[in-house]
Amino acid sequence: AARYHSGWERAWASPQPKKKYDVIIVGAGGHGLATAYYLGKNFGITNVAVLEKGWLGGGNTGRNTTIIRSNYLQDASAAIYEKARSLYETMSQDLNYNVMFSPRGLIMLAQTEHEVRGYQRTAHANALQGVATEFITPQKVKDLVPIINISGPRYPVLGGLWQQRGGTARHDAVAWGYARACSDMGMDIIQQCEVTGVRRDGGKVVGVDTSRGAIDCDKLGIVVAGHSGVLADMAGFRLPLESLALQALVSEPIKPCIDVVVMANTVHGYMSQSDKGELVIGGGTDGFNNYTQRGSFHHIEETVRALVETFPMISRLKMLRQWGGIVDMTGDRSPILSKTPVEGIFVNCGWGTGGFKAIPGSGWAMAELMAKGHSPLAEEFGLNRFKEGRFIDESVAAGVAH
Ligand code: FAD
Ligand code: PYC
């Protein structure tokens, strides 16, 4: 007799690597998989392999706190993040995979006069960019989040930047949905396949060395978040990035008590409630560069202490588990989507603490860049901006303390 757990179809194939592909993408996180997906969907390029050293979605894509918003200050950022947010609206239908997109609304609290001015400015910029946000009063914040303490003690709530169509999605499902769609298009997603070297013929890429042998390619996309510097080193160039751990934690599950996402950037904490009832909580990055993909006690204490002032009821909660991911930080807190000094190698990195929300827009732009050599959405995010001093400063919109 068939057992309950038998007869399941594999969502994606598990092929042996071929000798050569038109395109290899290193990293089966959301950005790598979305890049592969749009290469196939928008440009008909399907002789593609996505190589992953661990399991797909096991990097930051499966470790983040799933916040989706597009309330950035600069025009180039608003364009790519809003493209991503709008693609999230129809992602479940597009992939025929339920990614549980939940546009429940998001508030960034203003808890200093400086933040009031900053977020009012962002609301005006967003209006010009066609991104729907508004600056709301403390009373409206309280109406939206009854559990909040708006009167202090150290930092009273003075207002908030509200994005009604911001929210969350199920992070693993985003990776799984893209992976299944890529596999259905005939692409090879190869897990447990670590890239250990990049092979060049003079100034041009010709392939990679991996833990499963050498594989040739015409074009290579490096999409490995916190390990971007390591891959760039293999290819013979440097990237203006630092890698740090960013941690998060969840409480024990409780009854529904907060149905929007709240970010409190002055006290350095943010919170939403998962469908299971856990409060999903995070704060700033570790204060030193590191590759430790795990949590630490000081982080729980710092983050929860900060949030308790604004949400006193969480002082009674038990925390259930914590974890960390390695984020890739640029100096201007904006991503890099770019050609590189090596012909045929492209990088998509620098999403730092905020790239989950960007996955579909980033994949869309990176695929266009790799297929055509240029992309309007990626234009401003090239490596040349660091030489030209043309920074896209999003240190406030990043929302997470660094
Ligand atoms: P990843 O998902 O990390 O994928 C990269 C992959 O490359 C990994 O699977 C890795 O194993 C693989 N790899 C590395 N080296 C090699 C190699 N040599 N060979 C083969 N494969 C390799 N963003 C938001 O927008 N909202 C949030 O609420 C949010 N919260 C966050 C909370 C935490 C705790 C963390 C850590 C991050 C958070 N982020 C958030 C940021 C977001 O998670 C990342 O920006 C995003 O997931 C990056 O996706 P990626 O596909 O580039 O990287
Ligand atoms: O980018 O919105 C964000 C975010 C929240 C928490 C971590 N990143």
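The values are calculated or read from the model by the stated rules, or taken from the named source; none is laboratory data. Since this is a predicted model, take the numbers as computed values, not measurements. Note: ideal-geometry Cβ built from the backbone for every residue, glycine included; neighbour counts use all protein chains shown.
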*Val267 is checked against (1) surrounded by 14 or more Cβ atoms within 10 Å (Cβ to Cβ); (2) of a type outside the set (D, E, K, R); (3) in a strand (DSSP E or B) and fails just one. What number does that condition carry?*
(3)
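Residue-wise test of (1) of a type in the set (Gly, Ala, Ser); (2) at pLDDT 95 or above; (3) away from ligand 1 (no atom under 14 Å from the Cβ).
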{"position": "Ser243", "(1), (2), (3)": "yes, yes, no"}
{"position": "Leu246", "(1), (2), (3)": "no, yes, no"}
{"position": "Pro253", "(1), (2), (3)": "no, yes, yes"}
{"position": "Cys257", "(1), (2), (3)": "no, yes, yes"}
{"position": "His268", "(1), (2), (3)": "no, no, no"}
{"position": "Ser272", "(1), (2), (3)": "yes, yes, no"}
{"position": "Asp275", "(1), (2), (3)": "no, no, yes"}
{"position": "Gly283", "(1), (2), (3)": "yes, no, no"}
{"position": "Thr292", "(1), (2), (3)": "no, no, no"}
*Return the pairs, sorted by first residue and then second, in which the second residue is away from ligand 2 (no atom under 16 Å from the Cβ) and part of a helix (DSSP H, G or I), the first residue lies in segment 221-235 and is within 11 Å of Lys53 (Cβ to Cβ) and touching a residue at least 12 places away in the same chain (Cβ under 8 Å), the beta carbons are less than 9 Å apart, and the residues are 6+ apart or on different chains.*
Val224/Gly32; Val224/Val230; Val224/Leu231
*asked:* Just to check your reading of the model, which residue among Leu87, Leu109 is of a type in the set (A, V, I, L, M), out of contact with any helix residue (DSSP H, G or I) (no Cβ under 6 Å at 6 or more places or on another chain) and in contact (Cβ under 8 Å) with a residue 24 or more places away in the chain?
replied: Leu109
*asked:* Restricting to segment 94-123, and then to whatever is in a strand (DSSP E or B) and among the small types (Gly, Ala, Ser), can you tell me which residue is nearest to Val400 (Cα to Cα)?
replied: Ala110
*asked:* Here's a check for you: in segment 216-235, which residue that is in contact with a Lys or Arg (Cβ under 7 Å, 6 or more places away or on another chain) and more than 16 Å from Asp328 (Cβ to Cβ) is nearest to ligand 2 (Cβ to nearest atom)?
replied: Cys217
*Failed condition for Phe356, given (1) surrounded by 22 or more Cβ atoms within 10 Å (Cβ to Cβ); (2) away from ligand 1 (no atom under 14 Å from the Cβ), with all others met?*
(2)
*Can you spot a residue in segment 83-91 that is under 30 Å from Cys257 (Cβ atoms), within 16 Å of ligand 1 (Cβ to nearest atom), of a type in the set (S, T, N, Q) and at pLDDT 95 or above?*
yes
*Considering only helices (runs of 4 or more DSSP H) fully contained in segment 294-393, which possess at least 2 residues that are modelled with pLDDT of 95 or more?*
359-372, 384-388
*asked:* Within segment 393-401, does at least one residue satisfy the condition of being away from ligand 2 (no atom under 13 Å from the Cβ) and under 30 Å from Ile45 (Cβ atoms)?
replied: no
_Identity of the residue in segment 129-166, part of a helix (DSSP H, G or I) and touching a residue at least 40 places away in the same chain (Cβ under 8 Å), that ends up surrounded by the most Cβ atoms within 10 Å (Cβ to Cβ)_ = Gln129
*Is it fair to say Gln93 is surrounded by fewer than 18 Cβ atoms within 10 Å (Cβ to Cβ) and in contact (Cβ under 8 Å) with a residue 12 or more places away in the chain?*
no
*What pairs come up if the first residue lies in segment 27-50 and is closer than 16 Å to Phe346 by Cβ and part of a loop (DSSP other than H, G, I, E, B), the second is more than 16 Å from ligand 1 (Cβ to nearest atom) and of a type in the set (Gly, Ala, Ser), and their beta carbons are under 9 Å apart, counting only those six or more places apart or on different chains?*
Ile45/Ala371
*Only one of Ile345, Ile336, Ile359 is within 16 Å of ligand 2 (Cβ to nearest atom) and of a type in the set (A, V, I, L, M); which?*
Ile359
*Find all pairs meeting these conditions: Cβ atoms under 9 angstrom apart; at least six residues apart or on different chains; first residue within segment 313-329 and on the phi > 0 side of the Ramachandran plot and in contact (Cβ under 8 Å) with a residue 24 or more places away in the chain; second residue assigned to a helix (DSSP H, G or I) and within 16 Å of ligand 2 (Cβ to nearest atom).*
none
_Any residue that is more than 14 Å from ligand 2 (Cβ to nearest atom) and of a type in the set (S, T, N, Q) - is there at least one of those in segment 28-35?_
yes
*Read through the list (1) surrounded by fewer than 16 Cβ atoms within 10 Å (Cβ to Cβ); (2) in contact (Cβ under 8 Å) with a residue 24 or more places away in the chain; (3) farther than 29 Å from Met271 by Cβ, then give the number of the only condition that Arg238 fails.*
(2)
*Could you tell me whether any residue of segment 59-82 is surrounded by fewer than 24 Cβ atoms within 10 Å (Cβ to Cβ), over 30 Å from Val262 (Cα atoms) and either touching a residue at least 60 places away in the same chain (Cβ under 8 Å) or more than 16 Å from ligand 2 (Cβ to nearest atom) (or both)?*
no
*Give the residues of segment 272-293 that are closer than 14 Å to Lys255 by Cα, touching a residue at least 24 places away in the same chain (Cβ under 8 Å) and in a loop (DSSP other than H, G, I, E, B), sorted by residue number.*
Ser274, Asp275, Gly277, Glu278
